[in-house]
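Visitor: Right, I'll just put the structure down here and ask away after.
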Amino acid sequence: MSNWADYADRLTLQARKAARQLAIVTGEQKQRWLHRSAELLMQHVEQIVEANKRDLQAAPGYGLNAAAVDRLTLTPARLQTIANALGEVSALPDPVGEIFESTVRPNGLLVTRVRVPLGVVFFIYESRPNVTIDAASLCVKSGNAVILRGGKEALHSNVALYQLLRQALVETGLPEHAVQLVETTEREVVGELLKRGDRIDVTIPRGGKSLIERVANEARMPVIKHFDGICHVFVDESADHQMALAILKNSKCQRPGVCNAAECLLIHQAIAEQFLPKVGLLLQQEGVEVRGCEQTQRSIPTAKLATRQDYQTEYLDLILSVKVVEDLSAAIEHIDEFSSHHTEVIITNDLNAANRFTAEVDSAAVMVNASTRFNDGGEFGLGAEIGISTDKFHARGPCGLRELTSYKWVAHGAGQIRS
C-alpha cells in the first residue's frame, strides 16, 4: 500500500466518523460554526490575501487566462462577500430531520419520510478559492462531512481558508474532521479517494471537462457531475431587440469566465438581417470575438467562420459562437446537439414559442426573457451552492442544502407484527 493510499484511508476514516457525529449535532451548533467562521475570515483578511498573492504569482506558470486569474483572486471586498454568504447559509432552514411525508397505515403504523444527510462528500474543484467556503458551509449545514480537493493553482489560498474553518469547528465543538482539505496536489491522491466507495457516499467534481470525465470514469461511488456550461441564447422572431441585446450583453459579458455565461447565440432567420448588425456593434464595443456562420460573417465583417468545434466549446472568455437558424425547431435541434444541458434562454414575445422551448429543451435550467446568469443558487433562492449539476440524478441544476440530503423511512409502531 502506497503512502497516498494510507493518506486516503486516514482522510476517509476521519470523515466517516465525523459524519456519524454530525448526525446528532443540533442546528444551533451548526449556526455557531457558520458565524464563527465568518468572524475568523474577517479577522484574518491580510493573512488570506497574502496567501492568495502566492497563488496569483504562480498563475502564469499554470497558463491561466485573465478570466481564470479573476476567479482565483481574493480581495478584502470579495472576502466580505464570502463572509456574508456564510451568514446567508446560516439563515437558511436546516433541512436535516425534516419530515416531508407522513401517513398512518390501517394497522396503526406511523410511516414517515425524514430528510437525512448524504454522509461523506468528496468535492473536487478548480481555481476558485471561494468555493472552499461555499462547499464546506453547505456540507456541514446539511449534516455532511466533506473532503475538499482544490486545484493546485489555489493551494495556498485554500489552505489559509481551511485552517480558519477547522479552527471554528474546534472552537464551536463540532467534529474537527467534518471539513478536511487534501493538502497535496498529487493526482494519485484523487485516484485513491475515488476508490473509497465504502467510505465516501458521493463525489462532486466541479471544473473542466477532463477532470469530470476522469472522476466519472474512476469513481466507485455515485457522482454528481458539473459538466461544461455551453449555454445558448436564442432570439426568436418576435423578440424585442433592445431586450435581446441587454440579455445577451449580461449573459456573455458580465463574467465570461463562469459556467452560466452564454457561449452561443442563435438568431431566427426572419430577423437576422435586422438584428445581426446590432449584435456586431454591441460585441465590438464589449471586446467580444465573434465566430459565426456565413450569414453572420456577411453582417459582421470581423467575425471568423465558426467550425463545428466552436459550437461545442465552452470558451469561458470573451468569445461567442453565433448562428442564424431557420426557425424555433432548428434552434431546439441545435441546442439538443451541442448543448451541455446547463442553461438555455429564449427571448420572445410569443407565449406558444416560449412554452414549446421550455418543454422541449432538456437542460437543467431554461429561461424565458432572462439572462443565463440567473442559473445560480443564490439567484434561485437556495443561498450558496456547491455546483450546478447537469445530471438528472440525484440532483439537477443549482445544488444547495436540500440537494445534499437524501431521506430515510422511519416507522413507529406499538407492537404490530405482519400477518
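Visitor: Quick check on my filter: what residues within region 27-38 are surrounded by fewer than 18 Cβ atoms within 10 Å (Cβ to Cβ) and in contact (Cβ under 8 Å) with a residue 40 or more places away in the chain?
Guide: Scanning region 27-38 gives Gly27, Gln29, Gln31, Arg32, His35.
Visitor: Could you tell me which of the residues Ala59, Ala51, Ala19 is assigned by TED's automatic domain parsing to the domain that holds Asn130, modelled with pLDDT under 95 and over 20 Å from Ser90 (Cβ atoms)?
Guide: Ala59
Visitor: Name the residue that is nearest to Ala85 (Cα to Cα), counting only residues in region 338-378 that are assigned to a loop (DSSP other than H, G, I, E, B) and of a type in the set (Asp, Glu).
Guide: This residue is Asp376.
Per-residue answers, yes or no, for (1) surrounded by fewer than 24 Cβ atoms within 10 Å (Cβ to Cβ); (2) of a type outside the set (Asp, Glu); (3) in the same structural domain as Ala306 (by TED's automatic domain parsing):
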site	(1), (2), (3)
Gly191	yes, yes, no
Arg196	yes, yes, no
Ile200	no, yes, no
Met243	yes, yes, yes
Ala246	yes, yes, yes
Lys249	yes, yes, yes
Val258	yes, yes, yes
Ala262	no, yes, yes
Leu265	no, yes, yes
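Visitor: (1) more than 22 Å from the chain's Cα centre (by Cα); (2) over 21 Å from Arg166 (Cα atoms): which one isn't true of Gln31, the others all being true?
Guide: The single condition Gln31 does not satisfy is (2).
Visitor: Report, by residue number, each residue of region 328-346 that is at negative phi and out of contact with any helix residue (DSSP H, G or I) (no Cβ under 7 Å at 6 or more places or on another chain).
Guide: Those that are at negative phi and out of contact with any helix residue (DSSP H, G or I) (no Cβ under 7 Å at 6 or more places or on another chain): Ser329, Ala330, Ala331, Glu333, His334, Ile335, Asp336, Glu337, Ser339, Ser340, His342.
Visitor: Right, another one. Can you name the number of the only condition in (1) assigned to a loop (DSSP other than H, G, I, E, B); (2) surrounded by fewer than 17 Cβ atoms within 10 Å (Cβ to Cβ); (3) modelled with pLDDT under 95 that Arg128 fails?
Guide: Unmet for Arg128, out of (1) assigned to a loop (DSSP other than H, G, I, E, B); (2) surrounded by fewer than 17 Cβ atoms within 10 Å (Cβ to Cβ); (3) modelled with pLDDT under 95: (2).
Visitor: Quick check on my filter: what residues within region 379-419 are closer than 18 Å to Val96 by Cβ, aliphatic (A, V, I, L, M) and part of a loop (DSSP other than H, G, I, E, B)?
Guide: Answer for region 379-419, where residues must be closer than 18 Å to Val96 by Cβ, aliphatic (A, V, I, L, M) and part of a loop (DSSP other than H, G, I, E, B): Leu382, Ala384, Ile386, Ala395, Leu401.
Visitor: Would you point out which residue out of Pro256, Pro205 is part of a loop (DSSP other than H, G, I, E, B) and within 20 Å of the chain's Cα centre (by Cα)?
Guide: Step by step, each of Pro256, Pro205 is checked, and only Pro256 is part of a loop (DSSP other than H, G, I, E, B) and within 20 Å of the chain's Cα centre (by Cα).
Visitor: Here's a check for you: in region 61-96, which residue that is hydroxyl-bearing (Ser, Thr, Tyr) and under 20 Å from the mean Cα position of the chain (by Cα) is surrounded by the most Cβ atoms within 10 Å (Cβ to Cβ)?
Guide: By that ranking, first place goes to Ser90.
Visitor: While we're on this one: Given the criteria free of Cβ contacts under 8 Å to residues at least 60 places away in the same chain, surrounded by fewer than 17 Cβ atoms within 10 Å (Cβ to Cβ), closer than 30 Å to Glu385 by Cβ and not aliphatic (A, V, I, L, M), does Glu286 qualify?
Guide: For Glu286, the condition - free of Cβ contacts under 8 Å to residues at least 60 places away in the same chain, surrounded by fewer than 17 Cβ atoms within 10 Å (Cβ to Cβ), closer than 30 Å to Glu385 by Cβ and not aliphatic (A, V, I, L, M) - is met.
Visitor: Mind checking whether some residue in region 24-32 is touching a Ser or Thr at 6+ places or on another chain (Cβ under 9 Å) and of a type in the set (Val, Ile, Thr)?
Guide: No.
Visitor: Which of the residues spanning region 368-419 are loosely packed, with under 12 Cβ neighbours inside 10 Å, of a type in the set (D, E, K, R) and in contact with a Lys or Arg (Cβ under 8 Å, 6 or more places away or on another chain)?
Guide: Selection gives Lys408 alone.
The values are calculated or read from the model by the stated rules, or taken from the named source; none is laboratory data. Please read these numbers as outputs of a predicted model, since none were measured by experiment. Ideal geometry is used to build each Cβ from the backbone, glycine not excepted, and the neighbour counts take in all protein chains shown.
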